[in-house]
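Read-outs: derived from the displayed coordinates by stated rules, not from any lab. Since we're looking at a predicted model, the values are computed, not measured. Methodologically, a virtual Cβ is constructed for each residue, glycine included, from the backbone with ideal geometry; neighbour enumeration extends over all protein chains shown.
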There are 2 protein chains.
Amino acid sequence: MIIDRLFDAVKQRGPVCVGLDTSLQLLPASLLAKLPPAQAALAFNQEVIDATVDVCACFKVQIAHYEAMGVDGLSCYRDTIAYAHDKGALVIGDVKRGDIASTGEMYARAHMDGEFATDMITVNPYMGWDAISPYLPYLERGDKGIFVLIRTSNPSAQDFQEINCGDRSLFLRVASKVAEWGKNYIGDCGYSAIGGVVGATGPEQLATVRSEFPLVFFLVPGYGAQGGGGKDVAPAFRDRNGAVVNASRSIIGAYRGQPDGDRRYTHYARTAAFTMREDITQWQER
Amino acid sequence: MIIDRLFDAVKQRGPVCVGLDTSLQLLPASLLAKLPPAQAALAFNQEVIDATVDVCACFKVQIAHYEAMGVDGLSCYRDTIAYAHDKGALVIGDVKRGDIASTGEMYARAHMDGEFATDMITVNPYMGWDAISPYLPYLERGDKGIFVLIRTSNPSAQDFQEINCGDRSLFLRVASKVAEWGKNYIGDCGYSAIGGVVGATGPEQLATVRSEFPLVFFLVPGYGAQGGGGKDVAPAFRDRNGAVVNASRSIIGAYRGQPDGDRRYTHYARTAAFTMREDITQWQER
């Protein structure tokens with residue numbers, strides 16, 4: 001099952017998820033000078049994948065940055081995924097889709113079977129079970145998984161996620177459903193192919209969901225540029241596994257401000273991923 | 001402002017929103033026989049737009065169906081929007097995006113300024129204000145708007161949207177925020193460019209949000225194939241305006257099962273849109 005592959009990847013290469021939020025603003029001038037934007041983004045992604053594939057568990061490709069470049073950008077998204085797969089890497093499509101019935105089925109087809117197919121995608125729970133069930137045929141196939149948004153890393157996550165719903169916050173109600181939905185898709189590693197997104201900016205929430213929902217594998221955003229550090233994400237783990245921690249700008253944009261950054265951006269990306277891995281693992285129980 | 005244009009469109013041509021959820025399964029065999037899939041979908045959309053533009057307020061293009069066709073499908077999505085705009089029609093991009101910070105800005109750029117720009121898009125509120133604020137620069141420009149998911153039309157909407165949050169359901173908390181966020185973007189018509197999605201399958205919810213939040217314009221899904229009828233959507237309106245009601249399969253797929261459907265699909269689409277308009281307006285106070 002896909003979740004076993006992710007678990008093994010964390011075991012072998014650590015819990016870093018390299019976020020390919022490749023906007024034009026983040027691309028080195030040297031690449032933009034010789035290639036059209038979407039091609040420059042693809043070349044950049046390929047080089048970053050090569051430079052970090054052995055120090056990360058997986059890649060996360062944030063589709064918004066590619067949608068902003070139009071059809072050419074989506075070709076780049078597709079080709080980036082294909083390149084990472086060629087390198088044997090796992091890819092999370094950060095699409096945060098959420099829709100129902102025939103529309104949900106179309107999203108599932110697009111992101112689990114079609115040109116944009118990744119290994120796992122992020123899903124928004126607001127519409128409930130009907131927005132999750134379209135993915136089940138692919139989960140049952142064994143090679144796909146989803147991460148449902150539980151507690152996101154942004155300040156206004158509290159607008160709704162922290163609302164008190166009788167006995168507990170909304171995000172805990174969502175986490176509870178995620179755990180329930182995931183029971184039929186548990187791999188040999190003990191985690192479910194239905195995972196959850198829980199931000200690094202709320203260490204106490206991470207600790208709560210980790211202890212209450214031991215079967216839920218976490219995708220943890222918010223490390224680095226958004227403020228979370230190695231200590232903040234430590235509660236996400238159990239026996240040094242059970243979570244991947246995403247960083248994007250702090251890895252792929254690490255070259256910025258360096259005198260030789262425009263030439264050696266892959267070096268800085270690799271170094272940043274390596275340093276991040278150290279920063280996280282130093283806080284884990286051994 | 002965009003909301004005034006939508007208000008005028010409803011006034012002039014009635015509240016029907018024609019949903020272009022154009023999946024391959026819905027395309028007439030005659031078109032699929034002579035064109036590649038994505039081109040057949042575009043040709044179909046163009047013909048349906050021509051056949052219904054004078055009996056509907058706007059079109060809603062559901063991007064999932066195009067994503068499922070990959071990069072070619074997204075070219076079709078882009079070209080469908082451009083065609084509708086050429087005909088002077090308003091277009092809602094049903095993308096249900098929801099993300100924050102730089103990622104939210106990229107979605108905003110993609111769907112309000114880039115190749116995929118429509119007039120209004122649907123937005124998911126789970127991440128709170130941070131998932132709304134990226135669209136404000138475009139709303140301030142005056143020519144764009146958003147519809148925030150409040151109460152969707154699917155059965156499991158109740159999983160979270162109906163959760164009791166102290167004094168009221170989550171969807172009413174969301175509606176309350178939508179109304180608050182929208183106060184700075186009110187057009188001459190009295191409605192805000194920050195509207196809300198409220199399904200036709202919950203007439204009592206429609207009545208509640210209509211009376212409590214008079215500034216919020218509604219996009220109402222769930223009519224037709226999903227079970228809602230003219231009577232069910234009546235509570236969405238005030239003085240025969242303030243809402244558009246979407247139907248997709250029951251309009252663009254109306255030709256199916258008709259002996260001459262494969263040849264006269266535009267006739268059946270037009271007739272279905274016309275009949276739907278009658279069905280809705282007969283229940284409105286005059």
One checks the Cα atoms of the stretch A:2-280 and finds Rg and Dmax, in Å, of 17.9, 58
Computed over chain B: longest principal axis from alpha-carbon atoms vs helix B:101-112 long axis, angle to nearest 10 degrees, is 40 degrees
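Hey, fewest Cβ within 10 Å first, where do A:Asp79, B:Asp262 land in order? Mind dumping the intermediate values first?
On the way: A:Asp79 18, B:Asp262 14.
Ordered from fewest to most neighbouring Cβ atoms within 10 Å, A:Asp79, B:Asp262 come out as B:Asp262, A:Asp79.
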In whole Hz, the Karplus estimates of ³J(HN,Hα) for the stretch B:144-152 (6.51, -1.76, 1.60; θ = phi - 60°; x where Gly or Pro) are 10, x, 9, 10, 8, 4, 10, 10, 7
Computed D for the stretch B:120-222, Stokes-Einstein, Kirkwood radius over alpha-carbon pairs, 20 °C, 1.002 mPa s, to the nearest µm² per second, is 157 µm²/s
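Excluding B:Gly261 itself, what net charge comes from residues whose Cβ is under 14 Å from its Cβ, given Lys and Arg +1 and Asp and Glu -1?
Details: positive: B:Arg249, B:Arg256, B:Arg263, B:Arg264, B:Arg270; negative: B:Glu47, B:Asp260, B:Asp262.
Here the count lands on +2.
Local charge sum around B:Asp188 (other residues, Cβ-Cβ under 14 Å, Lys/Arg +1, Asp/Glu -1)? Before the final figure, lay out the partial values.
On the way: positive: B:Arg5, B:Lys11; negative: B:Asp4, B:Asp8.
Summing Lys/Arg as +1 and Asp/Glu as -1 gives 0.
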Measuring from the longest principal axis of the C-alpha atoms of chain A, the long axis of helix A:203-212 (C-alpha) lies at a number of degrees, nearest 10, equal to 50 degrees
The stretch A:196-257 and the stretch A:94-159 have their Cα centres apart by a whole-number Å value of 20 Å
Place a point 7 Å from the Cα of B:Thr281 in the direction of its beta carbon; the residues of the stretch B:1-25 whose amide N falls under 12 Å from it are B:10-16
Pseudo-spin-label distance B:Glu140 to B:Ala207, built 7 Å along Cα→Cβ, given in nm, is 4.1 nm
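Sort B:Phe59, A:Phe44 so that the residue with the fewest other Cβ atoms within 10 Å of its own Cβ comes first and the one with the most comes last. Intermediate values should be presented prior to the final figure.
Numbers: B:Phe59 29, A:Phe44 24.
Ranked by crowding around the Cβ, least crowded first: A:Phe44, B:Phe59.
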Length gained, B:Ser176-B:Asp8, 0.36 nm per residue minus C-alpha separation, equals 57.9 nm
Computed ³J(HN,Hα) along the stretch B:46-52: with the Karplus parameters 6.51/-1.76/1.60, θ = phi - 60°, integer Hz and x for glycine or proline, the list is 4, 5, 5, 4, 4, 7, 10
Neighbour-count ranking for B:Leu139, B:Leu149, B:Leu32 (other C-beta within 10 angstrom, fewest to most) reads B:Leu32, B:Leu139, B:Leu149
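Provide the net charge surrounding B:Asp119, with neighbours chosen by a C-beta distance below 9 Å and charges set as Lys +1, Arg +1, Asp -1, Glu -1.
Numbers: positive: B:Arg5, B:Lys144; negative: B:Asp143.
Once positives and negatives cancel, what remains is +1.
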Computed about the Cα centre, the charge dipole of chain B from +1 Lys/Arg and -1 Asp/Glu charges at the Cβ has a magnitude in debye, to the nearest 20, of 440 debye
By the Cα gyration tensor axes a ≥ b ≥ c (a/c under 1.5 gives rounded; else a/b larger than b/c gives prolate, otherwise oblate), the shape of the stretch B:26-185 is prolate
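Could you pull out the pairs from A:Lys144/A:Lys177; A:Lys87/A:Lys144; B:Lys60/B:Lys231; A:Lys34/B:Lys144; A:Lys177/B:Lys60 whose alpha carbons sit more than 29 Å apart here?
On the way: A:Lys144/A:Lys177 19 Å; A:Lys87/A:Lys144 18 Å; B:Lys60/B:Lys231 22 Å; A:Lys34/B:Lys144 35 Å; A:Lys177/B:Lys60 31 Å.
Going by Cα-Cα distance, A:Lys34/B:Lys144; A:Lys177/B:Lys60 fall outside the 29 Å limit.
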Relative contact order as a percentage, chain B, C-alpha pairs under 8 Å and 6+ apart, gives 20 percent
Quick note, the protein assembly as shown: a/c under 1.5 would make it rounded; otherwise a/b > b/c is prolate and the rest oblate (a ≥ b ≥ c, C-alpha gyration tensor); here it is prolate
Toy charge model, Lys and Arg Cβ at +1, Asp and Glu Cβ at -1: the protein assembly as shown dipole around Cα centroid in debye, rounded to 20, equals 200 debye
